[in-house]
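Before I ask anything, let me first share the structure, which is written out below as structure tokens.
The values are calculated or read from the model by the stated rules, or taken from the named source; none is laboratory data. All of these numbers come straight from a predicted model, not from anything done at the bench. As a convention, Cβ positions derive from the backbone with ideal geometry for all residues, glycine included, and neighbour counts pool all protein chains shown. Side chains are part of the model used for accessible areas, which takes the heavy atoms of the whole protein and leaves out ligands, DNA and RNA. Shrake-Rupley method; radii C 1.70, N 1.55, O 1.52, S 1.80 Å.
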Amino acid sequence: MNADSNFSAEGGCACGEVRYRLTRAPLFVNCCHCRSCRRETGAAFALNALIETAAVEVLSGAPQAVDTPSESGKGQRIVRCRSCRVALWSHYGGAGAHLAFIRVGALDDPARFPPRIHIYTASKLPWVQLPPDVPSTPAFYSRREHWPADSLARLQRMTDGGRRRR
């Protein structure tokens, strides 16, 4: 997905207390089939739209970050509504606070954000059928092989900026 100055997508929790807006198109959308994602979502997989945290604007409410263990051992912070506890996005330990993993299901129009890759398919549930036209990997994947060039450039700018501020 290309960045677009006119881009906007909104989402929120189940009770309506928290509303947020994405002010840029996501860098990439992945569908994760690992056991941790399944456990955390209570579903067969997690669908995440990766985006710069600075491009996530909270419109109402005060979401709460909850530290949660992850299979990598680096943990993650899941941002949830304080009232209904719906997960809205995460910050994974390996990616840092500058990158948000938006839960696509909490967006108002999730159909706009289909997965560009299925990951950790070695542990997917046997009855989940993967589409033949979407790449899949048994574990993680190489961003350089799968992300569009403009998304890689945005990620580089994000991480370079973080190093300069330290």
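Return the only residue of Val56, Val18 being in contact with a Gly (Cβ under 7 Å, 6 or more places away or on another chain), surrounded by 12 or more Cβ atoms within 10 Å (Cβ to Cβ) and of a type in the set (Val, Ile, Thr). Walk me through it before giving the result.
Values: Val56 fails: in contact with a Gly (Cβ under 7 Å, 6 or more places away or on another chain).
Result of the check over Val56, Val18: Val18.
Now for a different question. Please find, within segment 68-122, the residue that is farthest from His33 (Cα to Cα) out of those that are of a type in the set (Ser, Thr, Tyr) and touching a residue at least 24 places away in the same chain (Cβ under 8 Å). First the steps, then the outcome.
Of segment 68-122, the ones of a type in the set (Ser, Thr, Tyr) are 68, 70, 72, 83, 90, 92, 120-121.
Imposing the further condition that a residue be touching a residue at least 24 places away in the same chain (Cβ under 8 Å) reduces the set to 68, 70, 83, 90, 120-121.
On the way: Thr68: 18, Ser70: 14, Ser83: 28, Ser90: 16, Tyr120: 5, Thr121: 6 Å.
Here the answer is Ser83.
Any residue in segment 38-46 that is of a type in the set (Lys, Arg), closer than 29 Å to Glu145 by Cβ, without any contact (Cβ under 8 Å) to a residue 12 or more places away in the chain and open to solvent by 50 Å² or more (accessible area, probe 1.4 Å)?
First, the residues of segment 38-46 that are of a type in the set (Lys, Arg): 38-39.
Still in the list and also closer than 29 Å to Glu145 by Cβ: 38-39.
Imposing the further condition that a residue be without any contact (Cβ under 8 Å) to a residue 12 or more places away in the chain reduces the set to 39.
This time we only want the ones that are open to solvent by 50 Å² or more (accessible area, probe 1.4 Å), so: 39.
Yes.
Now a separate question. Restricting attention to segment 141-159, does a residue exist that is on the phi < 0 side of the Ramachandran plot, in a strand (DSSP E or B) and not aromatic (Phe, Trp, Tyr)?
Filtering segment 141-159 for residues on the phi < 0 side of the Ramachandran plot gives 141-159.
With the extra rule that they be in a strand (DSSP E or B), the set shrinks to none.
No, the conditions are met nowhere in segment 141-159.
Check segment 23-34 and report whether any residue there is open to solvent by 40 Å² or more (accessible area, probe 1.4 Å), hydrophobic (A, V, I, L, M, F, W, C) and either farther than 26 Å from Lys124 by Cα or under 14 Å from the mean Cα position of the chain (by Cα) (or both). Spell out how you get there, then give the answer.
Here is the first cut: in segment 23-34, the ones open to solvent by 40 Å² or more (accessible area, probe 1.4 Å) are 23-24.
Okay, now just the ones that are also hydrophobic (A, V, I, L, M, F, W, C), so none.
Within segment 23-34 (the criterion being open to solvent by 40 Å² or more (accessible area, probe 1.4 Å), hydrophobic (A, V, I, L, M, F, W, C) and either farther than 26 Å from Lys124 by Cα or under 14 Å from the mean Cα position of the chain (by Cα) (or both)), the answer is no, since none of the residues qualifies.
Of the residues that sit in segment 83-106 and are open to solvent by 20 Å² or more (accessible area, probe 1.4 Å) and among the hydroxyl-bearing types (Ser, Thr, Tyr), which one is nearest to Phe140 (Cα to Cα)?
Filtering segment 83-106 for residues that are open to solvent by 20 Å² or more (accessible area, probe 1.4 Å) and among the hydroxyl-bearing types (Ser, Thr, Tyr), the one nearest to Phe140 (Cα to Cα) comes out as Tyr92.
Open to solvent by less than 60 Å² (accessible area, probe 1.4 Å) and farther than 26 Å from Asp67 by Cα - does that describe any residue in segment 114-123?
Here is the first cut: in segment 114-123, the residues open to solvent by less than 60 Å² (accessible area, probe 1.4 Å) are 115, 117-119, 121, 123.
Restricting the remaining residues to those that are farther than 26 Å from Asp67 by Cα gives 117.
Yes, segment 114-123 has at least one match.
Filtering segment 42-85 down to residues that are out of contact with any Leu (no Cβ under 9 Å at 6 or more places or on another chain) and under 21 Å from Pro114 (Cα atoms), which residue is modelled with the lowest pLDDT?
Within segment 42-85, the match that is modelled with the lowest pLDDT is Gly42.
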